[in-house]
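The values are calculated or read from the model by the stated rules, or taken from the named source; none is laboratory data. All figures in this text were calculated on a predicted structure; none of them were measured in a lab. Note that we place each Cβ from the backbone using ideal geometry, even for glycine, and neighbour counts take in every protein chain shown.
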Amino acid sequence: MSQAAISPHPIVGEGRIERAVPPLPHAADALLSDVLDMAGEAIVVLDVRACISAFSRAGEKLFGWPAAEALGQPLAVLLAEEDGMDRQRLEKLGSGVHVVVGRHKAGHSFPLTLELATRQSPAGPHFIAVLRERPAQPVDVERLARLEAENAHLARLVVVEAMGPALAHELSQPLTAAALYLQAAETMLGPQDAAGAMIGKARREAERAGRIIRALRRFVENRPPESVPVVLDLLVDEAIDLALLGRSPRPVIARDGAETGLTVMADPVLVQQIVVNVVRNALDAVEGLTEARLWIATRRVDAQVHLSIRDSGPGFPAAVMADLFAPLQTSKPGGIGLGLVLSRSIAEQLGGSISVEPGGGGMGATVSVVLPLARQASPKAVKRSA
Amino acid sequence: MSQADEIFVVDDDAAVREALTALLTMEGFDVTCFADGNALVTAVRGHVPACVILDVNIPGPSGLDVLKRLKADACPAAVFAMSGQANIPMAVDAIRNGAVDFFEKPFDAGRIVGCVREAIADAGRHPRVTGQLASHFPGMELLTPRERQVLEQIAGGSSNKEAGRALGISPRTVEVHRARIMEKIGARNAANLVRIVLTEQ
């Protein structure tokens, strides 16, 4: 082939030829083909299906494909398999320079940069790809390892994100059934029965799991959380009890401000999740220390409520601080690294924030959760919610 | 009452059907279960129960379609809708189509019996939900003109996004208005809100 080839029928739409769009006139065809061939780089013009509709001479050389054979093939034939580049993937990548792995017709692969330009047409986006061979680089083992780790992270995050709603939905039916059966058993045994009382507790726990799932579903679907007036200190006390479950020995907890009765507008389940997360972190920090103490205080600052949780632990090392709010980063054995990330995200959704003072040098860490104070509700609403 | 009140339960999940039957039978109701909406609609034409508990996500016609058919037949039963994939427009739709209340699964088992009893006791006494905002509802005078516009959108079944588009504000802002409206009217949730404002007192 001496000239860049251009497909005579620009294909528009899915598997059909749009007659309304006439093929390029011959002169324009020839001109485009000349222009493509003058370029020193492999240039590939793609139709809306991400199939090759024009292929430059440099491309023939780089990939070993004669242009005539390349036309109509998906872009993916030029790339190594793991880069299965279909239209959706291209749309996701969007314009810009991307690093990919190319594949020669003979089978060997080589590193490439893929510069992508997108052009909108009534039938959807068209792509023009400029492909350049990347000079072989000295292998930076550390960088590779880091990239690999980041990749694994990202993959896990995607899984968590995808799993959330499905999991919430799958769990909701059996949980509903379990709570109903427990309620039936509780009624059957009556309030005087010791087993009945225990079943009642089990029912309330199943219902609590249900509320967590509903809150989780709202969270992953990015639905705004429920917003009702919540007495923060009651919630904090409950959260402390929850966080302490199964812990022994228990640290000394100094509680300050519990009488203030500050009310925030928030989703009670979400706020409780935040407090449980932060208190658990603090408990982990002081575990095994002879001087194990927590200071938990709530106070009002202007139109906000500040909840601070300080511990007598060693504080956060600088290395941990840097990644503190990054998802799936954890310094704890067995930790998933979502606690603080979720907590911050929840706090921000509620119009608040979370900040961390690292401590260190004999000082424990302090985590502060800030939430907006409930506006003075109308007298009517107060009466109703009382 | 000499004869037990009848309840029809529609859910495609056998465990939920059985568990609801166990609980409601224990509470003295006469329970019949259906796995899909068509079976229910046919049964209701035969005779009318005191109450229907209806899952929205069922095979065949959806729970909302079933609700519409019951409404078209002027069925006097108190209908509760429930869903494991609930969202606000779905809840609002259910209330607009005559449901007494909407439960997001997993719901609190402790609440359902009380709700059912109350609805059966109230049946026929309360005026039905209409298609438009009532001429008066509690908290009405506390709403700003903007909040009233937002309320009209919500009660009309719009999502936050649709309401935002109609009013030229962001969905987030709609959400803030909704929270304030609920606070002023004293509504428990969106379904409850719509029921309050669409019910002629």
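For B:Ala74, the conditions (1) surrounded by fewer than 17 Cβ atoms within 10 Å (Cβ to Cβ); (2) at pLDDT 90 or above; (3) among the aliphatic types (A, V, I, L, M); (4) not in a helix (DSSP H, G or I) are fulfilled apart from (2). The set of residues in segment A:299-323 being closer than 16 Å to A:Ser343 by Cβ and surrounded by 19 or more Cβ atoms within 10 Å (Cβ to Cβ) consists of A:Val305, A:Leu307, A:Ser308, A:Ile309, A:Asp311, A:Phe316. Among the residues of segment A:184-196, the one identified as more than 12 Å from every other protein chain (Cβ to nearest Cβ), under 26 Å from B:Val31 (Cα atoms) and part of a helix (DSSP H, G or I) is A:Gly196. Within segment A:165-183, restricting attention to residues that are within 9 Å of chain B (Cβ to nearest Cβ) and hydrophobic (A, V, I, L, M, F, W, C), the residue that is surrounded by the fewest Cβ atoms within 10 Å (Cβ to Cβ) is A:Leu171.
Answer yes if at least one residue in segment A:72-82 is surrounded by 13 or more Cβ atoms within 10 Å (Cβ to Cβ), more than 32 Å from the chain's Cα centre (by Cα) and in contact (Cβ under 8 Å) with a residue 24 or more places away in the chain, and no otherwise. The answer is yes; a qualifying residue exists. Where helices (runs of 4 or more DSSP H) sit wholly within segment B:103-185, those with at least 3 residues that are within 12 Å of chain A (Cβ to nearest Cβ) and without any contact (Cβ under 8 Å) to a residue 40 or more places away in the chain occupy B:109-122, B:171-185.
For segment B:68-83, the set of residues classified as in contact with a helix residue (DSSP H, G or I) (Cβ under 6 Å, 6 or more places away or on another chain) and touching a residue at least 40 places away in the same chain (Cβ under 8 Å) consists of B:Ala78 only. Screening B:Ala19, B:Ala39, B:Ala15, B:Ala77 for residues that are within 22 Å of A:Leu180 (Cβ to Cβ), of a type in the set (A, V, I, L, M, F, W, C) and touching a Pro at 6+ places or on another chain (Cβ under 6 Å) leaves exactly one candidate, B:Ala77.
All conditions in (1) without any contact (Cβ under 8 Å) to a residue 24 or more places away in the chain; (2) assigned to a loop (DSSP other than H, G, I, E, B); (3) within 14 Å of chain A (Cβ to nearest Cβ) hold for B:Ala86, with the sole exception of (1).
Just one of the numbered conditions (1) at pLDDT below 85; (2) within 30 Å of A:Asp47 (Cα to Cα) is not true of A:Arg156: (2). The set of residues from segment A:52-98 being in contact with a helix residue (DSSP H, G or I) (Cβ under 7 Å, 6 or more places away or on another chain) and in a strand (DSSP E or B) comprises A:Ile52, A:Ala54, A:Phe55.
Matching residues to (1) at pLDDT 75 or above; (2) among the acidic types (Asp, Glu); (3) more than 27 Å from the chain's Cα centre (by Cα):
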position	(1), (2), (3)
A:Ser109	yes, no, yes
A:Leu112	yes, no, yes
A:Ala117	yes, no, yes
A:Ala123	yes, no, yes
A:His126	yes, no, yes
A:Glu133	yes, yes, yes
A:Pro138	no, no, yes
A:Val141	no, no, yes
A:Ala145	no, no, no
